[in-house]
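Worksheet: one structure, shown below.
The values are calculated or read from the model by the stated rules, or taken from the named source; none is laboratory data. In this text, all values refer to a predicted model and were calculated from it rather than measured experimentally. All Cβ positions, even for glycine, are placed from backbone atoms using ideal geometry, and neighbour counts span all protein chains on display. Surface areas here come from the heavy atoms of the whole protein model, side chains and all, with no ligands, DNA or RNA. Shrake-Rupley method; radii C 1.70, N 1.55, O 1.52, S 1.80 Å.
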Amino acid sequence: MLINYFSEFSLETGTDEAGRGCLAGPVTAAAVILSPPEASGLFEREGEKTDAIKFLLEQLNDSKQLSEKLRERLRPIIEQVAVSFSVTHLHPKEIDEINILNASMKAMQESILKLNPTPEFIIVDGNRALNAKLGLRNTFGKRFTKEEIELLKSIPNQSIIKGDSKYLSIAAASVLAKTYRDDYMNAIHEEFPMYNWKQNKGYPTKEHREAIRKYGVTKYHRMTFRLLPDPILDFRF
């Protein structure tokens, strides 16, 4: 069973991202505040855990360790029991402009800003502090106000390597990020079915790269990524 809280704050949020290594589509982040721990146990309701919450506690893990079917079962439970949750997509133009590492961090920062109530502590999967980069002068996407930057700076945070396999809130965020991103890729698959994004979700599979070689690139591809081992022709949909 995963650990409930890292800090002693009641409003602690976990955050994580999905899609960082993809050739197409957004990088997607989520942030989740779960119920504060009770002396009698996590998520207790009138002395008994509901079957859904029991299932969540038993099955929740890093989304990469879960089947697609299990992630889809867990998502509505997470959304139901969360104090607050949010999801953010950062699209290829912004990824290409500020690079994927900064985009991943910015997507998590944007998700934090959407939470209500505002968290008192943040735990983030990985090895970089959440406020490692703030106020990037990006052309595409959201630009943070001074107030938003100061708010993010004011919330203590802790990066945790493999945090999505250690803490419930980060694992919950990883499930939301993954499922919402998969939904997005399934939708744009209908626009460009030849890339089979419904199956590969934009990752650099052999099939995906062969489709790029054959059909070129789309508005959903990340042009700063090495889409093919050799140079590609500059044509796109």
Inset, instruction - With respect to Pro193, determine if the residue is within 30 Å of Phe9 (Cα to Cα) and surrounded by fewer than 18 Cβ atoms within 10 Å (Cβ to Cβ). - result: no
Inset, instruction - Can you work out which of the residues in region 86-122 that are assigned to a strand (DSSP E or B) and out of contact with any helix residue (DSSP H, G or I) (no Cβ under 6 Å at 6 or more places or on another chain) is nearest to Lys178 (Cα to Cα)? - result: His89
Inset, instruction - Identify, from the list Lys162, Lys146, Lys178, the residue that is open to solvent by 60 Å² or more (accessible area, probe 1.4 Å) and within 24 Å of Ile78 (Cβ to Cβ). - result: Lys162
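Can you confirm whether Glu207 is among the acidic types (Asp, Glu), open to solvent by 10 Å² or more (accessible area, probe 1.4 Å) and within 30 Å of Ser35 (Cβ to Cβ)?
Answer is no for this residue.
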Legend entry - Verdict on Thr139 being assigned to a loop (DSSP other than H, G, I, E, B) and hydroxyl-bearing (Ser, Thr, Tyr): yes
Legend entry - In region 100-134, residue nearest to Ala24 (Cα to Cα) [restricted to those that are among the hydroxyl-bearing types (Ser, Thr, Tyr) and buried (at least 17 other Cβ atoms within 10 Å of the Cβ)]: Ser104
